[in-house]
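Heads up: the structure comes next, in structure tokens.
Here, each number is a calculation from the coordinates, and none is a lab measurement. The model shown is predicted, which means the values in this text are computed figures rather than measured ones. In this analysis, Cβ positions are derived from the backbone assuming ideal geometry, glycine residues included, and neighbour counts consider all displayed protein chains.
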Amino acid sequence: MTHGEFIEMRETYFKDKLKAGKSKSEDTLKATVNLRLSKIIAFFKWLQVKGIINENKAIDIKFKDKRSDNDKRGTFTNEQCHRILDLIHAGFSCNNSKRRTYGDDGESLVQQLIVLGMFTGARIAELQDLAKEDFLCDANGAPKGIYIHGAVKNSASERLIPLGDFPKWFKLDLSLFRTCRNEDYKYFTKDTLGKEVNKTIKKIIPEALEDNLTFHSFRHSFETRASKYENINTTHIDQITGHAFKDTGRKIYLAKNKNLDDIEHLFSVINKINLALLK
């Protein structure tokens, strides 16, 4: 395929997309999987038009159904989040054999990660990788932000996350975290920490197993709460959750500065998103 032919195929694809207007077919393009499928279909359609193939069997590919905010996304309801918080506050214990291995501090670390995930929408791999040096504190020593190092496959995930309002009883205990990322994990290994977090969630609310709810469901719940506010800039949501946006390069540059002033505008955003959890 020549460069000119590729450009021709690309323009054909986007013309077809524009013809769809606001139809259901355009909605299906919003999902990553469906977007890739649509490109495959467009490519084979172009091959058929050019006479390179006789039959375009790609037209039989089925798109994934569009999901509603809470449908099949594995999201915790606000009521479930309140129950989790209430049980942690009441001193909930896993009461299993693992607790004897990891001790009270290990269990406390798991609970801290659960609350952090619920209120920040961060991924478990990002939070379990944290060390004390990744917490940004104010002049009084109170943690006000966390530096997420990001993943090799997703550079947009490198960011600063503001630590806004939490329940009054919740206090971050930095002593539970490693001093620096070069140290071994405390209480758990890197492979077991995430598993223990998900086991704890299923013990706190048993329906999590049946409803296929995991730690990552907190991320979906966070994004669902954010979507209910039309006056929140979606770019600001992307900054908090680590999704790519047009200014991702600048976001990563600012993140490396580890300066709370750079995310001052995000505190009101994250507090609005989490308001329902504090009522």
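Odds and ends about this structure:
- In this structure the amide hydrogen of residue 178, modeled in the peptide plane, comes within under 5 Å of the amide hydrogens of 132, 186, none closer than 5 places in sequence on its chain.
- Stretch gain in nm, segment residue 140-residue 165, where the contour uses 0.36 nm per residue and the Cα spacing is subtracted: 7.4 nm
- Extension gain from residue 267 to residue 48, taking 0.36 nm per residue of separation minus the Cα-Cα distance: 73.6 nm
- Virtual spin-label span in nm between residue 39 and residue 233, 7 Å along Cα→Cβ: 2.9
- Förster-model FRET efficiency, 22 Å R0, residue 275 and residue 86, C-beta, rounded to 0.05: 0.80
- Of 144/199; 45/228; 199/258; 168/199; 39/202, pairs whose Cα-Cα distance is over 30 Å: 45/228; 199/258; 39/202
- In terms of its C-alpha gyration tensor, the stretch 153-213 comes out rounded, because the ratio a/c of the largest to the smallest axis stays below 1.5.
- Cβ-Cβ FRET estimate between residue 247 and residue 77, R0 fixed at 41 Å, reported to 0.05: 0.80
- The Cα atoms of the stretch 127-279 give a gyration tensor whose axes a ≥ b ≥ c have a/c under 1.5, which makes the shape rounded.
- Calculated FRET value between residue 258 and residue 57, using beta carbons and R₀ = 41 Å, to 0.05: 0.20
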